[in-house]
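Worksheet for the structure shown next.
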Amino acid sequence: MFGESGAAKEPAPAPIEETIGMGWLMALDTRMAIERGRRWQALLFLNMLRDQALGIACIRHGEPSDYARGTDRLPRGVTESYEQTLARSLNVDELLRALALATKELLLEVERVKPELAGALDETLREITDSR
């Protein structure tokens, strides 16, 4: 009636640098929310941080990265360590623990795809997770 539809196209992934930048921003936002006592907001940002790191893993493995579409298709060896990044409560110490692990996973992914960026991010990310 309205013409013929074309073949479905998978959207192109965001540029890897954009995904890395959003991950860095989410780590920073998580830390600020924790410091301000906004634990629910910190949890939201923590989850977004993990999503960005998993997005990088998806891109690295040729899977769709938007909205975790390819995450379930990643090898178990890739996703297993991310389970520890889930916050088990809204306790500040627990949020900080999960932030440190999620930040570590982000940095590991960056090292795999853009080692030249990993060195630049390492010190900043360490400051975010170490200072209290």
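Okay, here's what the table says:
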quantity: Helices (runs of 4 or more DSSP H) completely within segment 1-82 that count 1 or more residues being aliphatic (A, V, I, L, M) and in contact (Cβ under 8 Å) with a residue 60 or more places away in the chain; calculated: 16-35
quantity: Check on Tyr67, within 15 Å of the chain's Cα centre (by Cα) and at positive phi; calculated: yes
quantity: Segment 87-132: number of residues that are of a type in the set (Val, Ile, Thr), touching a Lys or Arg at 6+ places or on another chain (Cβ under 8 Å) and within 15 Å of Asp29 (Cα to Cα); calculated: 3
quantity: Members of segment 109-127 found to be surrounded by fewer than 19 Cβ atoms within 10 Å (Cβ to Cβ), assigned to a helix (DSSP H, G or I) and in contact (Cβ under 8 Å) with a residue 12 or more places away in the chain, listed by number; calculated: Arg112, Val113, Leu117, Asp122, Thr124
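Where a number appears in this text, it was derived from the coordinates with a stated rule and is not lab data. Just so it is clear, the structure is predicted and the values come from calculations on it, not from any experiment. Every residue, glycine as well, gets a Cβ built from its backbone with ideal geometry; the counts of neighbours run over all protein chains shown.
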